[in-house]
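No value in this document is a laboratory result; all are computed from the given coordinates. All values derive from a computational prediction rather than experimental measurement. Counting neighbours? That spans all protein chains shown, and the Cβs are built from the backbone with ideal geometry, glycine included.
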Amino acid sequence: MASAHLNDETVYEVMKTLYAHYEKLHPIHLWLSSWDPEQMFEPNPSLPYHPGAVKFFKEEGMWNDDMEKLQQELLNAANS
């Protein structure tokens, strides 16, 4: 989760860093001990993704036309 006011590039860089170095999180907290990059992407979110996260997911090949359609629906609902 991130504030809509958080800079897109900051969100992108945090996502990219967590994705690349997730194993370093394992010893920090029990909850993080089994965390992996697949848990970063929810294909059926209830809230729209931050633009910085979208940029990251596109770069990693996780974003497709169906996700874009859902993202736009969620953004439209949030702005209504």
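Return the lysines within reach of Lys24: Cα separation strictly under 27 angstrom, same-chain partners fewer than 8 residues apart disregarded; answer none if there are no such residues. Leaving aside lysines fewer than 8 places away in the same chain, those within reach of Lys24 are Lys16, Lys55, Lys58.
Take the Cα of Asp65, step 7 Å toward its Cβ, do the same at Lys24, and the gap between the two points is 3.9 nm. With all pairs of separate Cα atoms included, the chain yields a Kirkwood hydrodynamic radius of 13.6 Å.
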